[in-house]
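Novice: Can you keep this structure in mind? I'll have questions shortly.
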Amino acid sequence: RTPLEKSPVPVPKERIIAPGAFEGQYSGGDEEILAAWMGDLIEERPALPLQESLRSGVLLCKLVNRIRPQTIRRINNSQMPFPQRENINAFCAAAREMGVPDSENFNTDDLFDERNMKQVLVCLFSLGRQCYYVTGYEGPALGRPERANLGASNGSKFEVKADALWGKGNAQFKAADGRPSGTGTKGSLGHSPLRP
């Protein structure tokens, strides 16, 4: 395990948007948008196609360190495969630590062996959205911040609260007319006791 691969960092229920983060204005295809965003942050625009530019992991590590300084302490500039894979692993761990869900992250082989570049792009867009929530970050982000608080109700009319469904503690179940169960006349419609 690398130093960044700790236990998952708990995500706070209320996410605060970094005051210096702003929505970047980019156009083009996915790779062009990501290349422009990365170029704004690391002051070195990656060449297209991105797979060739990102394969060593160096630009990815620089990107993470611009979003949150000193996150990746050692960046390998070697042209050998193993150090390049270490860079990619460090990036993936840092992205996870900054809030990129595992379902949006990628594996080293997805980039290094070009097995799933689409997943790499998904991860970078997700990281771009997470920039809004990185304390002290001042720079462009991708997309708009998610306004819903994690763990909070979305106000759906279909939402069922556990307390309402199962009762609280030792509370009694109630019949449809509001009386505690067992008080209705047996056999009368609408007043039969509810059984758990």
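Novice: Please go through (1) at pLDDT below 95; (2) part of a helix (DSSP H, G or I) for A94 and return the number of the only condition it doesn't satisfy.
Specialist: (1)
Novice: Given the options E5, E14, name the one that is surrounded by 12 or more Cβ atoms within 10 Å (Cβ to Cβ), farther than 21 Å from G139 by Cβ and modelled with pLDDT under 95.
Specialist: Numbers: E14 fails: surrounded by 12 or more Cβ atoms within 10 Å (Cβ to Cβ).
The conditions single out E5.
Novice: Follow-up question, since we're still on this one. Filter the range 29-72 for residues that are over 14 Å from A90 (Cα atoms) and among the charged types (D, E, K, R) and give the result.
Specialist: D30, E31, E32, D40, E43, E44, R45, E52, R66
Novice: Could I ask something else about it? Where residues in the range 74-118 are β-branched (V, I, T) and in contact (Cβ under 8 Å) with a residue 24 or more places away in the chain, which of them is farthest from Y133 (Cα to Cα)?
Specialist: Keep residues of the range 74-118 that are β-branched (V, I, T), which gives 75, 88, 100, 108.
Now restrict to residues that are in contact (Cβ under 8 Å) with a residue 24 or more places away in the chain: 88, 100.
Working: I88: 22, V100: 11 Å.
Among residues in the range 74-118 that are β-branched (V, I, T) and in contact (Cβ under 8 Å) with a residue 24 or more places away in the chain, the one farthest from Y133 (Cα to Cα) is I88.
Novice: Scan P49, P101 and give me the residue that is out of contact with any strand residue (DSSP E or B) (no Cβ under 8 Å at 6 or more places or on another chain) and modelled with pLDDT of 95 or more.
Specialist: Working: P49 fails: modelled with pLDDT of 95 or more.
The unique qualifying residue is P101.
Novice: Considering only residues of the range 97-108 that are part of a loop (DSSP other than H, G, I, E, B) and among the polar types (S, T, N, Q), which is farthest from the chain's Cα centre (by Cα)? Steps first, answer last, please.
Specialist: Restricting attention to the range 97-108, the residues satisfying the condition of being part of a loop (DSSP other than H, G, I, E, B) are 98-101, 105-107.
Adding the requirement that they be among the polar types (S, T, N, Q) leaves 105, 107.
Working: N105: 9, N107: 16 Å.
Checking each candidate, the answer is N107.
Novice: For Q84, indicate whether it is more than 18 Å from the chain's Cα centre (by Cα) and not in a loop (DSSP other than H, G, I, E, B).
Specialist: Numbers: more than 18 Å from the chain's Cα centre (by Cα): yes; not in a loop (DSSP other than H, G, I, E, B): yes.
For Q84, the condition - more than 18 Å from the chain's Cα centre (by Cα) and not in a loop (DSSP other than H, G, I, E, B) - is met.
Novice: Just a yes or no: is a residue in the range 109-131 assigned by TED's automatic domain parsing to the domain that holds G28, small (G, A, S) and more than 17 Å from the chain's Cα centre (by Cα)? Steps first, please.
Specialist: Of the range 109-131, the ones assigned by TED's automatic domain parsing to the domain that holds G28 are 109-131.
From what's left, small (G, A, S): 126, 128.
Restricting the remaining residues to those that are more than 17 Å from the chain's Cα centre (by Cα) gives none.
No, every residue in the range 109-131 fails to be assigned by TED's automatic domain parsing to the domain that holds G28, small (G, A, S) and more than 17 Å from the chain's Cα centre (by Cα).
The values are calculated or read from the model by the stated rules, or taken from the named source; none is laboratory data. Since the model is a prediction, treat every value here as computed from it, not as a measurement. FYI the Cβ positions are ideal-geometry reconstructions off the backbone, even for glycines, and counts take in every protein chain you see.
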